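See below for the structure under consideration.
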Amino acid sequence: MIKIDKRVEPDAWTQKKATPGFTLYEPISELRDALLAEQGNICAYCMREIPVKDKGVSETSKIEHMKSRTDRPDLQLDYNNMVICCPGYINAEEHCDKSKNGDSVTFSIFNDTFPDTLSYSTLNGNIKSSNKVWNKEMKDILNLNNSMLAANRLKTLDGVHQVLEKKKWRKAKLHEKLEEWSNSDANGKRKPYCGIVIWYLQKKLR
């Protein structure tokens, strides 16, 4: 996971919230589009690419409340409590929003405190937090160490590793790759599973 820089909520959502009698959460397309743009089209939790309906795939995205609507109904319309997630099903297992299933997490991916606690295994691709509570939430509530997710993270890192091997691990190349993986491309998209690559490159540059 990486820090998500929240933007101003879309005007359409602000107007929707102002509708008399609108008190229960009901998604609108402008809300989904704003969250996709904010996150560069990757899942807030596992960092998979979020599929798009019009590309002919059956699965799509899910708007997720980090503080669940069950636990915090007062935050169900709060844009600053929302992220967008993948469908939450891979390798016959639930993860992310689907695994979370109405629970809440105590960490926030909107500031540096949480992402700075994260690290990854270069042996199996697992993610962990140095904070025991947050680590348990990632493992037990979000199931982020699902075997396929971990394998995909490791495969992504291996691809970058091979490129750097060819470039003899030159410092300038490390900085170039870090810049590439830390930002969106010309189409506003971020690279799937970029969290493990950013962590690895920062570690190499220390």
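A few remarks follow.
- Residue within segment 19-37 that is in contact (Cβ under 8 Å) with a residue 24 or more places away in the chain, more than 26 Å from Asn135 (Cβ to Cβ) and in contact with a Phe, Trp or Tyr (Cβ under 8 Å, 6 or more places away or on another chain) present: yes
- Residue match in segment 7-30 (condition: within 16 Å of the chain's Cα centre (by Cα) and modelled with pLDDT of 90 or more): yes
- In summary, Leu205 fulfils each of the numbered conditions (1) surrounded by 12 or more Cβ atoms within 10 Å (Cβ to Cβ); (2) touching a His at 6+ places or on another chain (Cβ under 9 Å) with the single exception of condition (1).
- Residues in segment 76-96 that are under 23 Å from Arg7 (Cβ atoms) and either modelled with pLDDT under 90 or β-branched (Val, Ile, Thr) (or both): Val83, Ile84.
- If you go through segment 1-18 and pick out every residue that is over 15 Å from Leu36 (Cβ atoms) and either among the small types (Gly, Ala, Ser) or without any contact (Cβ under 8 Å) to a residue 40 or more places away in the chain (or both), you end up with 6.
- Where a residue in segment 143-167 is touching a residue at least 12 places away in the same chain (Cβ under 8 Å) and its partner, wherever it lies, is in a helix (DSSP H, G or I) and of a type in the set (Gly, Ala, Ser), with Cβ under 7 Å and at least six apart: Asn143/Ser99
- Scanning segment 94-125 for residues that are in contact with a Phe, Trp or Tyr (Cβ under 9 Å, 6 or more places away or on another chain), surrounded by 15 or more Cβ atoms within 10 Å (Cβ to Cβ), in a loop (DSSP other than H, G, I, E, B) and free of Cβ contacts under 8 Å to residues at least 60 places away in the same chain yields His95, Val105, Phe107, Ser108.
- Per the conditions (1) at pLDDT below 95; (2) under 12 Å from Met1 (Cβ atoms); (3) in a helix (DSSP H, G or I), the sole criterion not satisfied by Trp134 is (1).
The values are calculated or read from the model by the stated rules, or taken from the named source; none is laboratory data. Please read all numbers here as calculations on a predicted model, not as lab measurements. Neighbour counts run over all protein chains shown; Cβ positions are idealised from the backbone, glycine included.
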